[in-house]
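Asker: Questions regarding the structure given below will be posed in turn.
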Amino acid sequence: MNKKKKLDSQINNELILKSNSPTIFEPSQLDELQKQKRAVCEMAARSILHALDLKDSYTYGHSARVAFYSIELGKQIQLNSDELYELELSALFHDIGKIGIPDGILLKPDRLNDEEFQIMRKHPEMSSEILEGFEPFKNVAKYARHHHERFDGRGYPSKLKGDEIPLFSRIILIADTFDAMTSSRTYRKGLSYEIAFRELLEFSGSQFDPYLVPEFIKAMRKEKRRNEKTFTLKILNQEFKKEAA
């Protein structure tokens, strides 16, 4: 089975059918109901993410950039529009659990010590706990929970390995790591794209999916050639700077 068919199969297995009810509406009515459902989900998403912005504006901006990078990779591997939409939503929410991390750790301007890092490691599970109670976000909760799993099985929280890790979680991990490396913080300057690419390649097959890393690099080189300073996300309907503040 080729990689594209394999990815399509994984997505089909992971996405929940939007409705199992018998068809009792005209197609136009079903389309309108789907639009209304999506609008409600987006309003809920914006409200929850606004709380994250108030708690930690850096993490909010980081989540937006991770969503943007994830979408670029999704387009590179030819995900369809519905898959890209769910990927964007999942990436936006991947760090929502940080709302539950104490301010002294989350907002610390220096590197975390070992004890603090162990507390920070709980945020994927917290993200899942926040999201899983809302039926439309059940898949999103799963992808957020597993975005720190490693391809070699040494990640957390569940030590999933290889294709056991949901595809969207594997995508988000690459985008998340890339943004962390290329963003400047008070204690270090961000890396250039090319140095970050080399880091991703070095850990391809151990931390990252070895098929997705080269595709991500291709996507980011295309994106960089566009030389755009900002991007807009459909769900948030907001413009963001590509460079971290």
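The values are calculated or read from the model by the stated rules, or taken from the named source; none is laboratory data. Quantities reported herein were computed from a predicted structural model and do not represent experimental measurements. Backbone-built Cβ (ideal geometry, glycine too); neighbour counts: all protein chains shown.
Asker: What's the total number of residues in the stretch 156-199 that are closer than 25 Å to P109 by Cα, within 20 Å of the chain's Cα centre (by Cα) and in a helix (DSSP H, G or I)?
Answerer: Residues flagged as closer than 25 Å to P109 by Cα, within 20 Å of the chain's Cα centre (by Cα) and in a helix (DSSP H, G or I) within the stretch 156-199 amount to 14.
Asker: Return the residues of the stretch 202-221 that are over 29 Å from A45 (Cα atoms) and charged (D, E, K, R); say none if nothing qualifies.
Answerer: Residues satisfying the conditions are E202, K218, R221.
Asker: Right, something else. Select from the stretch 100-144 the residues that are assigned to a loop (DSSP other than H, G, I, E, B) and touching a residue at least 60 places away in the same chain (Cβ under 8 Å) and list them in ascending order.
Answerer: Once the filter is applied, which keeps residues that are assigned to a loop (DSSP other than H, G, I, E, B) and touching a residue at least 60 places away in the same chain (Cβ under 8 Å), the stretch 100-144 yields P109, D110, R111, F134.
Asker: Has the stretch 67-77 got any residue that is farther than 18 Å from F216 by Cα and among the small types (G, A, S)?
Answerer: no
Asker: Another question about this same structure. Tell me the residue from R226, R221 that is basic (K, R) and modelled with pLDDT of 95 or more, please. Spell out the reasoning first.
Answerer: Numbers: R226 fails: modelled with pLDDT of 95 or more.
It is R221.
Asker: If you don't mind, there's one more thing I want to ask. Identify all residues within the stretch 190-228 that are closer than 20 Å to D163 by Cβ, of a type in the set (S, T, N, Q) and either touching a helix residue (DSSP H, G or I) at 6+ places or on another chain (Cβ under 7 Å) or exposed (fewer than 14 other Cβ atoms within 10 Å of the Cβ) (or both); write none if there are none.
Answerer: S204, S206
Asker: Now for a different question. Can you go through E194, E199, E243 and tell me which one is acidic (D, E) and modelled with pLDDT under 95?
Answerer: Sole residue among the options that is acidic (D, E) and modelled with pLDDT under 95: E243.
Asker: Any residue in the stretch 163-182 that is among the basic types (K, R), touching an Asp or Glu at 6+ places or on another chain (Cβ under 6 Å), surrounded by 14 or more Cβ atoms within 10 Å (Cβ to Cβ) and closer than 24 Å to L89 by Cβ?
Answerer: Yes.
Asker: Sticking with this one: With the requirement that a residue be touching a residue at least 24 places away in the same chain (Cβ under 8 Å), aliphatic (A, V, I, L, M) and closer than 17 Å to I71 by Cα, what does the stretch 191-245 give you?
Answerer: Selection gives L212, V213, A219, M220, L233, I235, L236.
Asker: So is K142 at positive phi, charged (D, E, K, R) and either surrounded by 16 or more Cβ atoms within 10 Å (Cβ to Cβ) or at pLDDT 95 or above (or both) or not?
Answerer: no
Asker: Just to check your reading of the model, which residue among R170, R111, R121 is closer than 22 Å to I71 by Cβ and basic (K, R)?
Answerer: Exactly one residue qualifies, and that residue is R170.
Asker: Looking only at the stretch 71-128, how many residues end up being closer than 18 Å to R145 by Cα, of a type in the set (S, T, N, Q) and surrounded by fewer than 17 Cβ atoms within 10 Å (Cβ to Cβ)?
Answerer: The qualifying residues number 1.
Every residue, every condition in (1) part of a helix (DSSP H, G or I); (2) modelled with pLDDT under 95; (3) β-branched (V, I, T); (4) under 18 Å from D179 (Cα atoms), yes or no:
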residue: D8; (1), (2), (3), (4): yes, yes, no, no
residue: S21; (1), (2), (3), (4): no, yes, no, no
residue: A39; (1), (2), (3), (4): yes, yes, no, no
residue: A45; (1), (2), (3), (4): yes, yes, no, no
residue: S70; (1), (2), (3), (4): yes, no, no, yes
residue: E83; (1), (2), (3), (4): yes, no, no, no
residue: L87; (1), (2), (3), (4): yes, no, no, yes
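Asker: Sticking with this one: The conditions are (1) in a loop (DSSP other than H, G, I, E, B); (2) under 20 Å from L87 (Cβ atoms); (3) in contact with a Gly (Cβ under 7 Å, 6 or more places away or on another chain); (4) of a type outside the set (G, A, S), and H147 fails exactly one of them. Which is it?
Answerer: Of (1) in a loop (DSSP other than H, G, I, E, B); (2) under 20 Å from L87 (Cβ atoms); (3) in contact with a Gly (Cβ under 7 Å, 6 or more places away or on another chain); (4) of a type outside the set (G, A, S), only one is false for H147: (3).
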